[in-house]
Amino acid sequence: MPITQLQITAINTATFTLAEHIDDWSQRTLGDHFLSWFNTNFADKGPWKGVTVVDTPQNRLGFHAFWNNIDDVTGGTATPFQFLCLMSIFANECRADFSPKAERMGRPGFPGLSYLFDAIPGLKRSYNTLSGNKRAFDCFNSAAYNAAHGAKPLAGRAMNTTDARWRGEVYPRPNFPTDSNPSVTGYILEADFMKFRGRGYIQTTGRSNYARLIDFVKNYTGDNNTVDFFALQWRDLSDDVAADASSNDDWDRLFAQSDLIIPAKAIGLHNQTSGNYLALSGDPDKAVFNMGKRISGGDAYANKFRDRVTQIIDLLTK
């Protein structure tokens, strides 16, 4: 059965601005912390087959740190419906593990960097030719890129390249190693196809999404030391130059050492540029489907996501 407005009205009995408000609602409504309540009722059951969320003391700290950034996510407050939908996305994407991780790479036939660079039919697009990304060929011929990364391994072979393969969707093996170790391929792995791969809880991907985060960082006025550091580094640079000069290590630090401000803001910025799906306005069943599709880009994911949210809503309102 589709999710109804009556169900959402019954659920939306609170307004969240901080993690403690979610904790209070969870204890009143669920009788438990959300993570343990989820595992008790949904882990590996029905539409949630194969999914168990991480429920450890450390992850609860991460849960609270993230949800203390509600304003960065929604631009204001959050409702229980928004919270449940976002937690369902996180459960699907990263098992609600609030230690931000970068997208993994490598599979049989596509080792290391080639997994990200190559187009793999039926599985993924090439990140080298992803819309908005700068192709490796152009990175390797960028003055800002070379100034920042020109002393790293393999710069001597790839800098100012004329090899057209770096424009394409097939990694130039065996001429170049696919190892993601910075001591082996340091110069290559700072190209967009690797540096701007998925990070965070909705797998923020691509130069255009990272450029919005750069703009946020440059204008940051808070007191997080990590974000402040990069604000000083990038404030006088254009977003394009800052993107070229930034490194994988920079982005790993920003996602993991910013009190989860950056992972939260990444979701908020994606929402703003993708139709404001977090408003969950109108028919709630269609709104949940739209949220899943906006985040994933596909109907199959959106349908599964709606089925999973429906199971949670049904238990709360039966």
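The values are calculated or read from the model by the stated rules, or taken from the named source; none is laboratory data. Everything numeric in this text was worked out from a predicted model, so none of it was measured. Please note: Cβ atoms are built from the backbone with ideal geometry, for glycine as well, and neighbour counts cover all protein chains shown. Ligands, DNA and RNA are stripped out before the accessible areas are found, and what is left, the full protein with its side chains, is counted by its heavy atoms. Shrake-Rupley method; radii C 1.70, N 1.55, O 1.52, S 1.80 Å.
The table below gives the values:
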read-out: Net +/- balance of residues flanking His64 in space, Cβ distance below 11 Å, scoring K and R +1, D and E -1; value: -2
read-out: Contour excess over end-to-end distance, with Cα ends at Met1 and Ser183 and 0.36 nm allotted per residue; value: 60.1 nm
read-out: Computed E for Thr40/His64 - FRET, C-beta separation, R0 35 angstrom, nearest 0.05; value: 0.95
read-out: Rounded to the nearest 10 Å², the accessible area of Leu189 at probe 1.4 Å; value: 10
read-out: Amide H partners (placed H, <5 Å) of Thr204, local residues excluded; value: Arg199
read-out: Scattering curve values for segment 150-297, log₁₀ I(q)/I(0), Debye with Cα scatterers, q = 0.14 Å⁻¹; value: -0.79
read-out: Extended-chain gain in nm, criterion 0.36 nm per residue less alpha-carbon gap, Asn225 and Ile120; value: 33.8 nm
read-out: Whether segment 157-225 is rounded, prolate or oblate, judged on the alpha carbon gyration tensor where a/c under 1.5 counts as rounded; value: prolate
read-out: Solvent-accessible surface (1.4 angstrom probe) belonging to Met159, in square angstrom, nearest 10; value: 70
read-out: Acute angle (nearest 10 degrees) that the helix 261-273 long axis makes with the longest principal axis of the chain, alpha-carbon atoms; value: 80
read-out: Dipole of segment 1-115 [Lys/Arg +1, Asp/Glu -1 at C-beta], most positive-end residue of Ser88, Phe16, Pro57; value: Ser88
read-out: Accessible surface, 1.4 Å probe, highest first, among residues Glu190, Glu103; value: Glu103, Glu190
read-out: ³J(HN,Hα), Karplus 6.51/-1.76/1.60, whole Hz, each residue of segment 307-318, x for Gly, Pro; value: 4, 5, 5, 4, 4, 5, 4, 4, 5, 6, 10, 6
read-out: Stretch gain in nm, segment Asn303-Arg104, where the contour uses 0.36 nm per residue and the Cα spacing is subtracted; value: 69.2 nm
read-out: ³J(HN,Hα), Karplus 6.51/-1.76/1.60, whole Hz, each residue of segment 65-74, x for Gly, Pro; value: 4, 5, 6, 7, 10, 4, 4, 5, 7, 9
read-out: 0 to 90° range, to nearest 10: angle between helix 225-234 axis and the chain longest Cα axis; value: 40
read-out: Segment 199-318, accessible area per residue, ligands and nucleic acids excluded (1.4 Å, Å²); value: 42
read-out: Ratio Rg/Rh [Cα only; Rh per Kirkwood] for segment 214-273; value: 0.93
read-out: Within the chain, helix-based [θ] at 222 nm, where runs of 4 or more DSSP H residues each add -39,500 (n - 2.57), nearest 500; value: -15000 deg cm²/dmol
read-out: Share of pairwise Cα separations in segment 31-136, more than 19 Å, in percent; value: 58
read-out: Sequence-separation-based contact order of segment 94-189, relative, with Cα cut under 8 Å and 6+ spacing, percent; value: 28
read-out: Residues whose placed amide H lies under 5 Å from that of Lys101, excluding near-sequence neighbours; value: Gly200
read-out: When the convex hull of its Cα atoms is projected in every direction, mean area for segment 1-88 (nm²); value: 6.1
read-out: GNM result for the chain, Cα springs below 10 Å: residue of Leu154, Leu278, Leu213 fluctuating most strongly; value: Leu154
read-out: Whole-Hz ³J(HN,Hα) from phi, Karplus 6.51 cos²θ - 1.76 cosθ + 1.60, for segment 103-114, glycine and proline x; value: 4, 6, 9, x, 7, x, x, 9, x, x, 4, 5
read-out: Semi-axis lengths, Å, segment 137-182, gyration tensor of Cα atoms, sqrt of 5 times eigenvalues; value: 17, 14, 8
